[in-house]
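The structure under discussion appears below in the form of structure tokens.
Here, each number is a calculation from the coordinates, and none is a lab measurement. Predicted model, so just to flag it, every value in this text is computed and none were measured. Virtual Cβ from ideal backbone geometry, glycine too; neighbours counted across all protein chains shown.
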Ligand code: SAM
């Protein structure tokens, strides 16, 4: 039993009415009002007693109330939409000294200064008592998790405190990609990028009709705990480049994606060399590659980048564009000569 209880307050439905907080469809605002589901989401974060929590996108504050009732030490709310601030202030007054409201964009908010320094734990230790929880619009949650994964890799942002855990909602299909295992249909770039850095658990799915207004899709709750030892020990940008290239042609053999890491002139020779170095069968499809395969590919690519310092800056798309430009120019010059 937690010791803290919010005093009687208007319900979230009443707050929505009171402050005229109609969800803005174009901003993908879908509110969760079902207390049982809200409790279930918050429970996924684990024990929150005395925890320092950041809730991203609290909106009318349904999840916020349950977090406060879990007897947290500190709750930081990052909300972009001004209309929600008065309702959140009401919650803040009901839990004196616990809530700090930031009216801003979570994509630019600097979380490394949000919590007291004494909470910092060594990376190898158990996770700190710092949690991130949020039900954000899908258009924000996917770029945000990519950014936070890069922060995990660099141990900065929310991860200056150690292996901060995150409990976040995603569109069901995105959650399936995040947690997809080797060989599954949903295996994608997101699966590798998240699983090489974190333990990713797709905990449960909430049907769209539980939200007001109902979104077109279902929603899943995903829990992330950064790994003590990343499964690939290369810079995030290098891993991102290799993984993105390999999944560029997801129905073809993986060698097709590996090829585009190299300039056309040396493409075949170098891609064969990389696959040999990595000991990866070129006829596997991208979805069949395990994280260990990707580790070996990234290590091999790193070795080749160290030997050829221009290699990492090579960009396949740029080369294609340049070729198109040259072809067009050649065509015009030829027509001018014919005129
Ligand atoms: N958490 C509430 C709930 O579950 O009922 C609201 C969910 S609603 C899908 C998403 C919330 O995130 C909205 O309040 C919206 O204003 C807020 N939001 C959207 N983009 C944001 C951003 N970049 N930074 C902070 N908050 C954002």
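Structure data summary
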read-out: With Cα atoms, 0 to 90° folded angle of helix 85-94 axis to the chain main axis; value: 50 degrees
read-out: Peptide ranges 60-73, 117-130 listed from the most packed, as the mean C-beta count within 10 angstrom indicates; value: 60-73, 117-130
read-out: log10 of Debye I(q)/I(0), alpha-carbon scatterers only, for the stretch 241-339 at 0.10, 0.17, 0.24 Å⁻¹; value: -0.34, -0.73, -1.25
read-out: Helix axis angle, 267-278 relative to the chain longest principal axis, alpha carbon, degrees; value: 60 degrees
read-out: Peptide ranges 218-231, 93-106, 197-210 listed from the most packed, as the mean C-beta count within 10 angstrom indicates; value: 218-231, 197-210, 93-106
read-out: Rounded FRET efficiency, nearest 0.05, which uses the C-beta distance separating residue 324 from residue 47 and R0 of 41 Å; value: 0.10
read-out: Degrees between helix 316-338 axis and first principal axis of the chain (Cα, 0 to 90, nearest 10); value: 50 degrees
read-out: Full-extension gain in nm, residue 307 to residue 253, via 0.36 nm per residue minus C-alpha separation; value: 16.8 nm
read-out: Gaussian network model of the chain, springs between alpha carbon atoms under 10 Å - residue of 303, 270, 80 with greatest fluctuation; value: 303
read-out: Separation of the residue 17 and residue 186 label points, Cα + 7 Å toward Cβ, nm; value: 3.8 nm
read-out: Helix-only CD estimate at 222 nm, as mean residue ellipticity for the chain, using -39500 (n - 2.57) per DSSP H run (n ≥ 4); value: -12000 deg cm²/dmol
read-out: Extension reserve of the residue 214-residue 199 stretch, reckoned as 0.36 nm per residue once the Cα distance is removed; value: 2.4 nm
read-out: Fewest-first sequence of 268, 275 by Cβ atoms within 10 Å of each Cβ; value: 268, 275
read-out: Inter-label distance, nm, simple model (7 Å from Cα along the C-beta direction), residue 272/residue 292; value: 2.7 nm
read-out: Residue-span extension gain [residue 24 to residue 93] - 0.36 nm each, minus C-alpha spacing; value: 22.2 nm
